[in-house]
Amino acid sequence: MASRIETSSNHLKVLGRFELTDVRRFTAALHILTARQGHEAVVLDFSDVGGAYLGPMAAVCVEILMLRSRPVRPVNARLVLPTQPRLATLFRNSNWAHLIDPDNHRSSTYKGYVNLPLIRFQNPQEQKKVVDQLVDAILCSMPVMDRLDVAAIEWALNEVTDNVLVHARSPIGGLVQMSTFKTTRRVEFVVADGGAGIPSTMREGHPEIGEDIRALEQAVREGVTRDPKVGQGNGLYGTLEVARASEGTMHIYSCKARLDYENHELRLTREDVPFRGTVLTASLDSSNAAALGEALKFGDRKWIPLDYVETRFESDTSDALIFRLGQEAESFGSRVAGEPVRTKLANIIQMNLGRRVIVDLEGVPLISSSFADEVFGKLFVALGPLRFGQVLDIRGVSATVRSLIDKAIVQRSGSKDA
Ligand SMILES: Nc1ncnc2c1ncn2[C@@H]1O[C@H](COP(=O)(O)OP(=O)(O)OP(=O)(O)O)[C@@H](O)[C@H]1O
Ligand SMILES: [Mg+2]
């Protein structure tokens, strides 16, 4: 059931599950408090919220950042966290709490790879950094990914975040967040901005385009761009193709229009309440190996990506890939730190079948036995002794670390869990 939104004085309360379809009611209510009633301090009360999701929360954070940073009569928001502890933690870890109410909530320190925080980017360097971080999280948390699938998700993340910088003119830049779901093999992401909105920028190049839903419909077509000197019109089209190929979903809210792709259907809806900027959410299913990669065919030319894996792990001097353990782990002391490293290493190995992977332990002084087992012991059992020896070349390892790895492998392969 959708949420209920109640206001009294400068207090705005959200009750129930807060979904994307509730966002326009939320922003309309906030507009009444700030623009019509003139409140410069508002309380956003999520104490009775029953569920909160990436898309709508990114839209809320954009709205608050826009209100706080406007030059005239800036608005401050105080956040009341959900009373459900699980949701309160989600608000803190996702960085929603900090973005809404930085005076009372510190920036998220969450280091995991499953629900990443909502991250702001304002220039191409920050955009590249955040996209790399998201791809890294996919490799660390989703076992057995196909290289083209990862490249297709990376491509879509790049395109949608690039659009914010190239087209949106958003005073606060963009916000992006991603979650991965290992068991259902899904990746969900949202990209939001507080800019001009897709229909407005489309109209700059196509004044004849008509109402907002027509502009949105055109924007996702192949080759349609506001300005052929700036773009080729591939970004939104390709992202929708990736969503289609993966049997996923995609939603765009912008100005007075909304686009929903779900259950194999594309629907456009006219909305009365204008939406500031653009929010795009996508849920991509990677359970059909390489289906996503297949989607990226423009014209009759299949696109071959230069992807994160290539730029991060490939070496100029040899055909082998280089996995620098010192750069890939948060610490070397626990299973928790080891699991994402093993998942990523296994992904790199299986994405590049036939190529050797040099695991370089240069600068890694010591690893714990549990880390050694989690990474090397379990990988040895998963690959089998012959393949482990053929594929991996462990270098730069001290005598102590070597004996720890050997011991972990011997124990793991002899254990009944092997
Ligand atoms: N975040 C955004 N804010 C405002 N307008 C946008 C945004 N994203 C897309 N648009 C509009 O939608 C149009 C289509 O976007 P799309 O990504 O498909 O193509 P492009 O960016 O023009 O070209 P390419 O992606 O090939 O570089 C853009 O030309 C622009 O007018
Ligand atoms: Mg684009």
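The values are calculated or read from the model by the stated rules, or taken from the named source; none is laboratory data. Keep in mind that what you see is a predicted model, and the values were worked out from it rather than measured. Methodologically, a virtual Cβ is constructed for each residue, glycine included, from the backbone with ideal geometry; neighbour enumeration extends over all protein chains shown. The area values use the complete protein model at the heavy-atom level, side chains included, leaving out ligands, DNA and RNA. Shrake-Rupley method; radii C 1.70, N 1.55, O 1.52, S 1.80 Å.
Quick notes on this one:
- Checking ALA290 against (1) at pLDDT below 85; (2) over 23 Å from the mean Cα position of the chain (by Cα), the condition it does not meet: (2)
- Total residues in segment 193-219 satisfying the condition of being within 7 Å of ligand 1 (Cβ to nearest atom) and closer than 27 Å to HIS264 by Cα: the figure is 5.
- Those residues of segment 160-176 which are surrounded by fewer than 20 Cβ atoms within 10 Å (Cβ to Cβ), near ligand 1 (Cβ under 10 Å from one of its atoms) and touching a residue at least 60 places away in the same chain (Cβ under 8 Å), in sequence order: ASP162, VAL166
- With respect to the conditions (1) open to solvent by 50 Å² or more (accessible area, probe 1.4 Å); (2) part of a loop (DSSP other than H, G, I, E, B), ARG25 falls short on a single one, namely (2).
- Members of segment 272-287 that are more than 16 Å from ligand 1 (Cβ to nearest atom) and under 20 Å from the mean Cα position of the chain (by Cα): SER283, LEU284, ASP285, SER286, SER287
- Among the helices (runs of 4 or more DSSP H) confined to segment 319-418, the ones with at least 3 residues that are not assigned by TED's automatic domain parsing to the domain that holds LEU148 and not hydroxyl-bearing (Ser, Thr, Tyr) are located at 325-328, 335-351, 378-383, 385-391, 399-414.
- For segment 59-99, filtered to residues that are open to solvent by 20 Å² or more (accessible area, probe 1.4 Å), aliphatic (A, V, I, L, M) and part of a loop (DSSP other than H, G, I, E, B), the residue that is modelled with the highest pLDDT is LEU81.
- Residues in segment 253-271 that are more than 11 Å from ligand 1 (Cβ to nearest atom) and either among the small types (Gly, Ala, Ser) or over 20 Å from MET202 (Cβ atoms) (or both): ALA257, GLU262, ASN263, HIS264, GLU265.
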